[in-house]
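This report refers to the structure that appears directly beneath it.
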Amino acid sequence: MSPLVQAKGKAGPPTIAPSESKAKAKASLRGSQRKAPIAKGQRVTLWYPSANRDEEVFSDPFQFDIGRTPNPHLAFGGGGAHFCLGANLARREIAILFEELLARTREIELLAAPTYSVLSIWNPILVVPKEISVRLA
Ligand code: HEM
């Protein structure tokens, strides 16, 4: 798969979707009760963008790096039973988007910091780009 598509997935999936749930049993993160104990019944949420910037996994977590190898991002989930069913379609769509864009322009300049909309539909919360101002050459 294209490293650009991989890097795009890690850097900013179009939606940030933390699923809120309740812990079914007492648990801990990375086996450390002291670091992050989770009580049974406690509300928990998954923040995919945070996982994709985990400094224990990525050496330069905030860098948009299309050469990152390996790139074990979790934009589509962690590979469990609920791994994104549309992952291959989404990757193909992102690849086509860049193929078509780069066929028409070689230079893309960001003119201002993007703005975002937060759509709270109870669960999950969606954070989507509202305006991205660019100059194409
Ligand atoms: C860049 C685009 C997309 C991203 C970042 C994304 C991300 C995710 C994530 C993080 C999950 C939860 C994974 C987990 O809990 O382990 C998920 C689940 C899911 N996604 Fe996507 N997704 C994308 C596009 C799509 C598309 C295009 C489709 C369908 C055409 C799709 C269908 C689904 C379905 C059906 C599930 C639920 C799977 C289950 O619970 O068994 N997704 N997605």
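Since every read-out is calculated from the coordinates, none of them should be taken as a lab result. The structure presented is a predicted model; accordingly, all values stated were derived computationally and were not measured. No Cβ is skipped: glycine too gets one built from the backbone with ideal geometry, and neighbour counts run over all protein chains shown.
In this rough spin-label picture, where each label sits 7 Å from Cα along the Cβ direction, the Ala137-Gln63 distance is 2.5 nm. Using θ = phi - 60° in the Karplus curve 6.51 cos²θ - 1.76 cosθ + 1.60, the 3J(HN,Hα) couplings for the stretch 53-62 round to 10, 5, 5, 7, 10, 10, 5, 10, x, 9 Hz; x is entered for Gly and Pro.
Positive-end ranking of Ile38, Phe98, Ser133 along the dipole of the stretch 33-137, with charges on Cβ about the Cα centre, is headed by Ile38. Among 87-97, 107-117, sorting by the average number of other beta carbon atoms lying within 10 angstrom of each residue, highest first, gives 87-97, 107-117. Straight-line cross-link partners of Lys130 among the aspartates and glutamates, defined as a Cα under 14 Å from its Cα and at least 8 positions apart when in the same chain, are absent.
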